[in-house]
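What follows is one structure encoded as structure tokens, with my remarks underneath.
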Amino acid sequence: MDRRWLVVCKALQPSMLKTSSAQANAAKRVLRFTAEYLQKEIFRIVAASVIRGKVTKVTALLGREPLSDRVCIGPYVAKVRWQKSAVIYNLLMPESKSDPPTPPPPSPEPITEFHIGDEFGTAKRNLPPAGIVMICIAAVAVIVGIFAFKERPKPQGAGSINFVAAAEVPGQNMILAAITFTLRNTADRPLWIHTLKAQLTTADGATFDDNAASVVDLDRYYQAFPALKESSEPPLSPETKLLAGAEQRGTIIVGFKVTKEAFDQRKSLSVAIQPYDQALPVVLK
């Protein structure tokens, strides 16, 4: 662009020295118009050279003196100050700062209900549901019942009454009865007889109990009342020992405060034999 201005100046200098003042003014206007036109044209060319992602930036005009500080046009000296546009090509466009994506709102945590007035030391808080408790209690009760049934106390022996003989004692409103029975030891250990007792239930429901008479008195009873000796067996007394699985027959004599007629019409008669180491007696009927 500087060369073009030099050519114009050199062409104008010889002819314009002799021009009139009107011509000098006209030359100034031409120069001013030419300078403005070139400035606009340069700006248009630079603005058209924009590249995608970059831009050409044209700054404000910078003042600069021409190569020749004065240009003579005719008799007048016109001082022309050249101005040059500062041009910067293809600067990177600053990237627009986009706002970062908004993070999604955090999911709300589940709310746990809490009542400050609740008591945590109660059965509702500390025990399992009532249905489970009832099932467990029922199961335990069944197991305990089965165990108790199998382990319940059982008589160690068995047997039966074989024969009964009775004799009325004159003037005393009582009878003596000789009871003959059979006793078997059904346990796997010896049976020691502790006591022997007879029980009479009359027809009207009255009960009478009596312990067996002493063995040393049986002969005297037999002599006084011969009817008692009928079908009798050797006496069976306390402290008698029966081995496991053994069987023994014996006779005891007892007395009841009833008449002979009431005894004969009795409802039941039983003998209870209580071993030493058993909770239940052996009852013979």
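The values are calculated or read from the model by the stated rules, or taken from the named source; none is laboratory data. As the structure is a prediction and not an experimental result, all values here were calculated from the model. Neighbour counts are summed over all protein chains in view; Cβ atoms, including those assigned to glycine, are modelled from backbone coordinates with ideal geometry.
Some points to look at:
- Screening ARG220, ARG249, ARG266, ARG184 for residues that are of a type in the set (D, E, K, R), surrounded by 13 or more Cβ atoms within 10 Å (Cβ to Cβ) and either at pLDDT below 90 or outside any strand (DSSP E or B) (or both) leaves exactly one candidate, ARG266.
- Yes/no for LEU243 being crowded, with 19+ Cβ neighbours inside 10 Å and either at negative phi or among the acidic types (Asp, Glu) (or both): no
- Among the conditions (1) farther than 30 Å from GLU230 by Cα; (2) in contact with a helix residue (DSSP H, G or I) (Cβ under 6 Å, 6 or more places away or on another chain); (3) modelled with pLDDT of 65 or more, ILE175 misses just one, which is (1).
- Of the candidates ALA213, ALA227, the single residue that is of a type outside the set (Lys, Arg), more than 20 Å from ILE273 (Cβ to Cβ) and touching a residue at least 40 places away in the same chain (Cβ under 8 Å) is ALA227.
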